[in-house]
1. Project the alpha carbons of the chain onto their principal axes and report the range along each, largest first, in whole Å.
2. Rounded to whole Å and sorted largest first, what semi-axes of the equivalent ellipsoid does the C-alpha gyration tensor of the stretch 71-137 yield via the square root of 5 times each eigenvalue?
3. For the stretch 222-274, just say rounded, prolate or oblate: build the C-alpha gyration tensor, square-root its eigenvalues into a ≥ b ≥ c, call rounded for a/c under 1.5, and beyond that prolate if a/b exceeds b/c, oblate if not.
4. Tell me, what is a quarter of the convex hull surface for the C-alpha atoms of the stretch 87-180, in nm² with one decimal?
5. So in the stretch 156-296, what percent of DSSP beta bridges are antiparallel if you round to the nearest 5?
6. For the stretch 207-308, report the % of Cα-Cα distances exceeding 21 Å.
7. Would you mind pulling out the separation of the Cα centroids of the stretch 120-153 and the stretch 1-23, in Å?
8. The stretch 255-282 to the stretch 25-70: how many Å between their Cα centroids?
Ligand code: ASP
């Protein structure tokens with residue numbers, strides 16, 4: 001049994017480990033752990049602690065994938081519910097659909113008894129307001145929000161303020177291999193922007209026969225390369241885990257137009273090997289690992305890879 005998650009998972013990782021030890025269904029254990037991350041205000045990239053879009057509104061994205069069945073549930077741009085990984089899980093379980101967004105996702109949340117939460121943390125509102133004051137002209141400020149936001153998206157949108165999403169992967173010979181993600185997306189994103197975290201194949205993918213992958217940081221790159229799917233498909237075609245991840249990195253490195261920045265790929269295979277690589281992200285990137293042979297989870301540093 002193995003559980004892998006990125007650094008932001010700290011508020012919930014132990015809970016997921018304990019549930020897995022107690023025999024829980026893997027996705028239930030990961031969604032419960034992510035639920036604790038979503039509530040933790042100290043995590044500044046997921047749930048309540050995250051940053052709003054350009055209009056100062058929160059929009060949450062999440063996805064889950066059951067690698068045994070390849071069923072997926074995902075939600076995007078959810079405005080008033082924090083527990084979006086759990087919501088994505090319910091989309092998978094209850095609907096004939098894979099993905100719900102915006103008010104439709106909110107409606108579904110209410111129908112199945114999820115609370116409408118207070119979602120905008122006071123400090124995030126303050127920083128957002130200060131940023132607007134800095135970046136907008138007095139004329140734009142006077143008219144805000146009735147101004148064109150698109151020209152601002154090159155200057156004000158701040159992918160670097162968001163250090164991560166949270167991603168969890170679990171691999172178990174009996175229970176299979178599964179993936180779950182949750183994020184508030186890029187700080188000051190254009191309203192309605194979806195990143196890769198709710199997009200199966202880009203931000204996450206799992207197939208219990210081969211492995212799973214999940215990405216953090218620049219969704220605008222992993223969506224163009226279908227990075228998570230590339231890793232799993234390469235394993236299906238016979239590549240080792242590290243060669244599969246290397247192929248996905250090569251594809252990211254081939255991009256030379258559009259928004260380019262860092263990506264972290266987290267991946268596991270069916271033999272319970274794991275690989276976490278940092279492609280072009282500044283600073284040290286850490287991740288959590290637990291195997292049932294370990295007394296407690298450990299925090300490790302991702303391998304830095306460079307191309308071109
Ligand atoms: N990948 C996420 C997104 O593009 C953000 C992040 O992980 O930093 O929304």
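Bear in mind these aren't lab numbers, they're just calculated from the coordinates by the rules spelled out. These numbers were taken from a predicted model, which means no experiment stands behind them.
1. Answer, in whole Å and largest first: 60, 49, 36 Å.
2. Result for the stretch 71-137: semi-axes of 30, 13, 9 Å.
3. prolate
4. Result: a mean projected hull area of 9.6 nm².
5. The antiparallel proportion sits near 95 percent.
6. Cα-Cα pairs in the stretch 207-308 separated by more than 21 Å: 32 percent.
7. That distance is 38 Å.
8. Computed from Cα coordinates, the inter-centre distance equals 19 Å.
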